[in-house]
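The values are calculated or read from the model by the stated rules, or taken from the named source; none is laboratory data. Note that this is a predicted model, so its numbers are computed, not measured. Please note: Cβ atoms are built from the backbone with ideal geometry, for glycine as well, and neighbour counts cover all protein chains shown. All accessible areas refer to the heavy atoms of the entire protein, side chains included, with ligands and DNA or RNA removed. Shrake-Rupley method; radii C 1.70, N 1.55, O 1.52, S 1.80 Å.
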Amino acid sequence: QVQLVESGGGLVQAGGSLRLSCAASGRTYAMGWFRQAPGKEHEFVATVTWSGGRTYYADSVQGRFTISGDNAKKTVYLQMNSLKPEDTAVYYCAARTRTSSEPYSPGAYDYWGQGTQVTVSS
C-alpha cells in the first residue's frame with residue numbers, strides 16, 4: 001500500500017502561480033495529477049513516469065503547467081503558472097505501479113491522495 005500526501009494548494013489571483021507537491025510512501029512506476037471541479041468529473045492534468053521521465057499533459061494546461069519529480073524522494077511536483085479561474089478545483093495526486101496505454105485515465109492509477117484545494121479568483 002502506498003500513501004500519497006499532497007501539499008501546496010491555496011487561493012491565488014488569476015495570472016498567478018502555485019506549486020503542488022505530493023510525496024509517496026513507497027515506490028511507484030508513475031505519478032500524476034487529476035482535478036475535480038464542483039459538479040464535474042475527474043479531469044486528467046498531467047503525469048510523469050519515473051523511468052525515462054516521460055510527461056503527458058492535458059490540452060487545457062499545456063504550456064502553463066509543468067510536472068516534475070524527484071525519484072529519490074518519491075515526490076512529484078506540479079508547477080502551475082498563468083492560472084485561470086477555470087483551474088479552480090480540488091487537485092488529486094495519483095500513482096500507478098505499472099505501465100498503461102491510457103496514462104490520462106483515472107482507472108490506470110492504483111493510489112490516490114486526499115486532495116488539495118486550488119482556488120483562482122478573477
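Values for this structure:
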item: Net charge over other residues, Cβ less than 12 angstrom from the Cβ of Ala95 (K, R count +1; D, E count -1); result: +2
item: Interchain or long-range residues, amide H under 5 Å from Tyr111's placed H; result: Ala95
item: Inter-site label distance for Ser60 and Thr75 at 7 Å from Cα along Cβ, in nm; result: 2.8 nm
item: Dimensions in Å of the stretch 1-113 - Rg and Dmax from alpha carbons; result: 13.1, 38
item: Rounded percent of accessible protein surface that carbon and sulfur make up, the chain, 1.4 Å probe; result: 46 percent
item: Signed unit charges on C-beta, dipole axis of the chain, positive-most listed residue Thr116, Val2, Phe44; result: Val2
item: Residues of the chain: accessible area per residue with a 1.4 Å probe, Å²; result: 50 Å²
item: The stretch 24-51 versus the stretch 88-108: alpha-carbon centroid distance in Å; result: 4 Å
item: In the stretch 1-45, GluC sites (Glu not before Pro) in a DSSP loop with at most 15 other beta-carbon atoms within 10 Å; result: Glu41
item: Calculated from backbone phi, Karplus (6.51, -1.76, 1.60) coupling profile of the stretch 105-122 in Hz, x at Gly/Pro; result: 9, x, x, 7, 9, 9, 9, 9, x, 7, x, 9, 7, 10, 10, 10, 8, 8
